[in-house]
Amino acid sequence: MRKGIRNWGPPLLLISPTIVLLGIFVYVLIGVNFSTAMTKDSALSASEFVGLQNFTDLLTEPRFLHSLVNLGIFTLFFMVGTMLFGFLWAWLLDKGVTAEGVFRSIYLFPMAVSFVASGVVWRWLLSSATGDRASGLNRILDSIGLGALQNDWYNQPLWGMAAMAMPAIWQLSGYVMALFLSGFRGIPEELREAARMDGASEWKLYRYVVFPQLSPVALSALVIVAHMSLKVFDLIMAVTGPVYVTEVPATYMWIALTGGEYGKASAIATILLLLVCIFIVPYLISTSRAERKARK
């Protein structure tokens with residue numbers, strides 16, 4: 001017994017502060033948030049237990065459903081854009097370019113900028129003014145003879161969230177590029193040479209050798225990008241503010257919270273947590289199973 005304590009006691013003591021802090025500031029607060037979501041708690045009335053009523057009200061509320069649709073559009077364009085550009089840039093760097101370090105720095109630089117700072121710049125770039133009053137991208141399009149492509153950007157009811165994904169794609173594509181580039185560099189050159197000696201074309205080389213080796217990296221990048229898109233808040237607040245056209249659950253939660261509707265805000269936060277778990281939990285399970293198979 002004493003020998004066992006000597007073995008696991010010091011490591012447990014070492015990580016105990018982290019366990020305590022995680023328990024208090026993560027799991028306890030998640031529990032408090034969920035308990036608040038089960039109440040009709042607001043600044044204008046006393047707390048009253050209502051069970052799942054806040055959740056059922058939200059899932060039948062047109063405004064919240066509108067925010068979910070906006071989030072789905074944003075997530076789709078954000079994921080496709082970051083994965084596409086990230087892979088393309090990593091592929092170009094893997095092929096070999098002059099001044100690779102400079103290009104890597106340029107691609108990774110947006111990661112060092114906060115969403116709030118970049119949002120201020122993109123608010124100007126995505127200005128909806130046209131004609132003589134045009135600025136940002138609309139001014140650039142007009143100056144190169146593509147004035148017909150000027151549009152309202154994020155003010156469009158249908159494609160506004162696709163425009164909102166542009167700053168996020170610009171900022172996170174470099175991160176996905178770094179993930180894919182590490183995957184490319186981790187593939188032994190002997191595998192590629194062996195495939196070429198067997199007569200494989202470049203397409204077959206990538207189809208049967210490179211892409212299978214990159215699948216774990218692609219899955220990790222996809223999960224990371226997906227869960228980041230579901231929690232988007234600061235970028236939208238910096239570019240458009242809490243307006244209905246670009247409203248997502250996170251901004252709607254902020255409106256409910258500042259309006260004193262604490263039960264509704266907590267219910268929205270709980271739904272966002274469940275949406276994130278939809279992406280994270282299957283990934284963690286598959287990763288755990290893969291590690292167990294590798295050990296065997």
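A few comments on the model shown:
- Of the residues 92, 71, the single one that is out of contact with any Lys or Arg (no Cβ under 8 Å at 6 or more places or on another chain) and open to solvent by 40 Å² or more (accessible area, probe 1.4 Å) is 92.
- Residue list for region 136-158, filter: among the hydroxyl-bearing types (Ser, Thr, Tyr) and closer than 21 Å to residue 237 by Cβ: 154
- Of all residues in region 95-122, exactly one satisfies the criterion of being of a type in the set (A, V, I, L, M), farther than 20 Å from residue 231 by Cβ, surrounded by 13 or more Cβ atoms within 10 Å (Cβ to Cβ) and free of Cβ contacts under 8 Å to residues at least 60 places away in the same chain, namely 121.
- In region 258-271, the count of residues that are over 24 Å from residue 126 (Cα atoms), in contact (Cβ under 8 Å) with a residue 12 or more places away in the chain and of a type in the set (D, E, K, R) is one or more.
- Residue within region 231-254 that is part of a helix (DSSP H, G or I), hydrophobic (A, V, I, L, M, F, W, C) and without any contact (Cβ under 8 Å) to a residue 12 or more places away in the chain present: no
- Considering residues of region 15-44 that are among the polar types (S, T, N, Q) and not in a helix (DSSP H, G or I) only, the residue nearest to residue 267 (Cα to Cα): 39
- Scanning region 190-230 for residues that are assigned to a loop (DSSP other than H, G, I, E, B) and of a type outside the set (A, V, I, L, M, F, W, C) turns up 198, 199, 201.
- Restricting region 45-82 to residues that are in a loop (DSSP other than H, G, I, E, B) and of a type in the set (Val, Ile, Thr) leaves a set whose member that is modelled with the highest pLDDT is 60.
- In the set (1) touching a strand residue (DSSP E or B) at 6+ places or on another chain (Cβ under 6 Å); (2) exposed (fewer than 15 other Cβ atoms within 10 Å of the Cβ), residue 193 fails one condition alone, (1).
- Test: residue in region 150-170 that is under 19 Å from residue 128 (Cβ atoms), of a type in the set (D, E, K, R) and open to solvent by less than 80 Å² (accessible area, probe 1.4 Å): yes
- Looking only at region 114-134, and only at residues there that are more than 17 Å from the chain's Cα centre (by Cα) and outside any helix (DSSP H, G or I), the one that is nearest to residue 166 (Cα to Cα): 126
- Scanning region 123-135 for residues that are open to solvent by 90 Å² or more (accessible area, probe 1.4 Å) and out of contact with any helix residue (DSSP H, G or I) (no Cβ under 6 Å at 6 or more places or on another chain), we see that the one that is farthest from residue 239 (Cα to Cα) is 132.
- Any hit, region 269-290, residues being at pLDDT 80 or above, crowded, with 19+ Cβ neighbours inside 10 Å and either not assigned by the TED database to the domain that holds residue 236 or not in a helix (DSSP H, G or I) (or both): no
The values are calculated or read from the model by the stated rules, or taken from the named source; none is laboratory data. Just so it is clear, the model here is predicted, and its values are computed rather than measured. Glycine gets a Cβ as well: all are built from the backbone with ideal geometry, and neighbour counts include every protein chain shown. The area values use the complete protein model at the heavy-atom level, side chains included, leaving out ligands, DNA and RNA. Shrake-Rupley method; radii C 1.70, N 1.55, O 1.52, S 1.80 Å.
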